[in-house]
Amino acid sequence: MSASPATAKLARRLAFAALCLCFGVVVLGAYVRLSDAGLGCPDWPGCYGHVTPTGALAKGVELDAGKAWREMIHRYAASTLGFLIVVIAAIAIATRARKVVPLRLAIALLVVVVFQGILGMLTVTWLLKPLIVTAHLVFGLTTLAMLAWLWLTLRPRTTTSDAPRLVRRWALIGIVALALQIALGGWTSSNYAAMACPDLPTCQGAWWPQMDFRDAFVLWHGLGINYEGGVLDHPARVAIHFVHRLGALAATLALLIAAGTALWRVRTPGAVRAAVFVVAALALQLSIGLFMVERAFPLPLATAHNAGAALLLLAAVLLNRRVRA
């Protein structure tokens, strides 16, 4: 029993390290995808059958070294994250009688990260299929949200929330709306539809441009197709981008209401700070989105847009945790 405080401290530090690493993996994965390096190593888990691109080059394999290294560094980081989550799950199992780490949450994290690894493999072997790429992004951010919840749960608390049911309900609505918007963002990116609307607030110079909704959201186009660069016609890409913009408006409204009700009805300092964090992260993400269109979607801003989504998700998780603590 005397080892419990030290074990709890170790688990908390591991959770925080995994959380920080997961944020980096998400951003790095976005950079790999947006820089067209997703097929830098077309096999899995190695690179042309080697542990590193250097090994492949030494064997005379012709490859783009920059893209290959970006892809493999992402894999190395993701593998390290998986190892940390395995250790956390092992601690949760070993200390389940003392409940040092929430066992169900730790096991769920382990299941999600294993599934995420499978999606990472399929992303490459199925040649960047949009459904798989989007799912890979969604489950990556799911891992991030779960690690954040775990870390917040393991931290010692001195106060309890006084949030009424209305605040908790809107906090949940806000994070669900954000999750749907993140999925739409992944679908937009994986179908190379980000530049389909190069102007704001209109799209293609019109408030309601020509769009093809029938083909825009077909989830399965079959295997054996290389989706790098996208396969959809322009009207379908416009439809995807347009729906993503509408989703941004809905998610913004839901998050503002969630933060506003928390600021209005809650007095717990932690919940108030979380609500302010949501508003600040939302303002940052919207600003990045606007600048992205204005600057014609440069790679640094596009990557920052993914980082902003991850940061906003962390803010929404924090708000939900604080109004329920």
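The values are calculated or read from the model by the stated rules, or taken from the named source; none is laboratory data. Computed from a predicted model, the values in this text were never measured in an experiment. Every residue, glycine among them, receives a Cβ derived from its backbone with ideal geometry; neighbour counts consider all protein chains shown.
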Legend entry - Residue in the stretch 21-36 that is outside the structural domain of TRP187 (by TED's automatic domain parsing), in contact with a helix residue (DSSP H, G or I) (Cβ under 8 Å, 6 or more places away or on another chain), assigned to a loop (DSSP other than H, G, I, E, B) and of a type outside the set (Lys, Arg) present: yes
Legend entry - Residue selected from the stretch 247-266 under the condition of a type in the set (Val, Ile, Thr) and surrounded by 18 or more Cβ atoms within 10 Å (Cβ to Cβ), by the criterion farthest from ALA193 (Cα to Cα): VAL266
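Across the stretch 47-90, what is the total count of residues that are under 30 Å from LEU150 (Cα atoms) and acidic (Asp, Glu)?
Residues meeting the conditions: 1.
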Inset, instruction - Could you tell me whether the stretch 234-250 includes any residue that is more than 19 Å from GLY186 (Cα to Cα), at pLDDT 95 or above and not assigned by TED's automatic domain parsing to the domain that holds LEU131? - result: no
Legend entry - Lone unmet requirement of (1) more than 18 Å from the chain's Cα centre (by Cα); (2) under 27 Å from ALA216 (Cα atoms) for ILE118: (1)
Legend entry - Lone unmet requirement of (1) farther than 16 Å from LEU255 by Cα; (2) touching a Lys or Arg at 6+ places or on another chain (Cβ under 6 Å) for VAL323: (1)
Inset, instruction - Output yes when any residue across the stretch 267-287 is crowded, with 20+ Cβ neighbours inside 10 Å, at pLDDT below 95 and of a type outside the set (Gly, Ala, Ser), and no when none is. - result: no
Legend entry - Residues that are without any contact (Cβ under 8 Å) to a residue 60 or more places away in the chain, in contact with a Leu (Cβ under 9 Å, 6 or more places away or on another chain) and buried (at least 16 other Cβ atoms within 10 Å of the Cβ), drawn from the stretch 93-113: PRO102, LEU105, ALA106, LEU109, VAL113
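Which one is modelled with the highest pLDDT among residues in the stretch 131-182 that are in a loop (DSSP other than H, G, I, E, B) and of a type outside the set (Ser, Thr, Tyr)?
PRO164
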Legend entry - Test: PRO300 is outside the structural domain of PRO130 (by TED's automatic domain parsing), in contact with a strand residue (DSSP E or B) (Cβ under 7 Å, 6 or more places away or on another chain) and either more than 29 Å from ILE173 (Cβ to Cβ) or at pLDDT below 95 (or both): no
Legend entry - Any pair with Cβ under 6 angstrom, 6 or more apart, that starts in the stretch 45-62 at a residue that is closer than 27 Å to VAL114 by Cβ and ends at one that is surrounded by fewer than 16 Cβ atoms within 10 Å (Cβ to Cβ): TYR48/VAL61; PRO53/ALA65
Inset, instruction - Please specify each residue of the stretch 120-171 satisfying the condition of being free of Cβ contacts under 8 Å to residues at least 24 places away in the same chain, outside the structural domain of LEU10 (by TED's automatic domain parsing) and crowded, with 19+ Cβ neighbours inside 10 Å. - result: none
Inset, instruction - Consider only pairs whose beta carbons are under 6 Å apart and that are at least six residues apart or on different chains; among these, list those whose first residue lies in the stretch 223-236 and is within 17 Å of PHE213 (Cβ to Cβ) and whose second residue is polar (S, T, N, Q). - result: GLY230/ASN191; LEU232/ASN191; PRO235/GLN210
Inset, instruction - Filter the stretch 195-220 for residues that are surrounded by fewer than 18 Cβ atoms within 10 Å (Cβ to Cβ) and in contact (Cβ under 8 Å) with a residue 60 or more places away in the chain and give the result. - result: MET195, PRO198, ASP199, LEU200, LEU219, TRP220
